[in-house]
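Reviewing the structure listed below.
The values are calculated or read from the model by the stated rules, or taken from the named source; none is laboratory data. Values in this document were obtained by computation on a predicted structure and should not be read as measured data. All Cβ positions, glycine included, derive from the backbone under ideal geometry; neighbour counts span all protein chains shown. Side chains included, ligands, DNA and RNA excluded: accessible areas come from the protein's heavy atoms. Shrake-Rupley method; radii C 1.70, N 1.55, O 1.52, S 1.80 Å.
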Amino acid sequence: MPTYMVQAAYTSTAWSKLVQRPENRLEAMRPVIEKLGGILHAWYYCWGDYDVVMFFDVPDNVNAAAVSMAVAAGGAVKEIKTTPLMQPDEGFDAMLLAQGAGYRPPGG
């Protein structure tokens with residue numbers, strides 16, 4: 001199954017609710033991922049542009065988009081970014097395919 005990374009930034013309202021009544025959001029997300037046929041591997045809090053990062057597998061891009069859409073529709077995040085991840089061997093295979101693709105840069 002493909003692996004995806006979601007980065008999300010909470011709204012100030014969501015942070016206020018979490019501070020007033022802390023809850024384990026990993027356990028809130030696990031059934032969502034599982035309902036979409038996937039496995040939630042990891043959940044981390046972070047700081048910077050995003051407040052949370054999670055890694056999960058789901059069967060395809062449609063299911064990954066559904067995860068992001070469900071989270072965004074909940075209204076607790078102000079920013080969400082979903083990134084498909086590739087295993088190292090997949091990256092190597094992509095390099096081999098790119099090598100023979102015949103792309104010509106502008107002016108080349």
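What the table below lists for this structure:
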quantity: Any hit, region 77-90, residues being open to solvent by less than 100 Å² (accessible area, probe 1.4 Å), more than 22 Å from T3 (Cα to Cα), of a type in the set (D, E, K, R) and out of contact with any helix residue (DSSP H, G or I) (no Cβ under 7 Å at 6 or more places or on another chain); calculated: no
quantity: Residue pairs meeting the criteria (Cβ under 8 Å; at least 6 apart or on separate chains; first under 11 Å from M29 (Cβ atoms) and at pLDDT 95 or above, in region 65-76; second of a type in the set (F, W, Y) and outside any helix (DSSP H, G or I)); calculated: V67/Y4; V67/F56
quantity: Single unsatisfied condition, G107 versus (1) on the phi > 0 side of the Ramachandran plot; (2) in contact with a Ser or Thr (Cβ under 9 Å, 6 or more places away or on another chain); (3) not aromatic (F, W, Y); calculated: (2)
quantity: Residue among Y44, Y50 that alone is hydroxyl-bearing (S, T, Y) and touching a Lys or Arg at 6+ places or on another chain (Cβ under 8 Å); calculated: Y50
quantity: Residues being within 14 Å of T82 (Cα to Cα), among the polar types (S, T, N, Q) and open to solvent by 80 Å² or more (accessible area, probe 1.4 Å) - total across region 21-70; calculated: 1
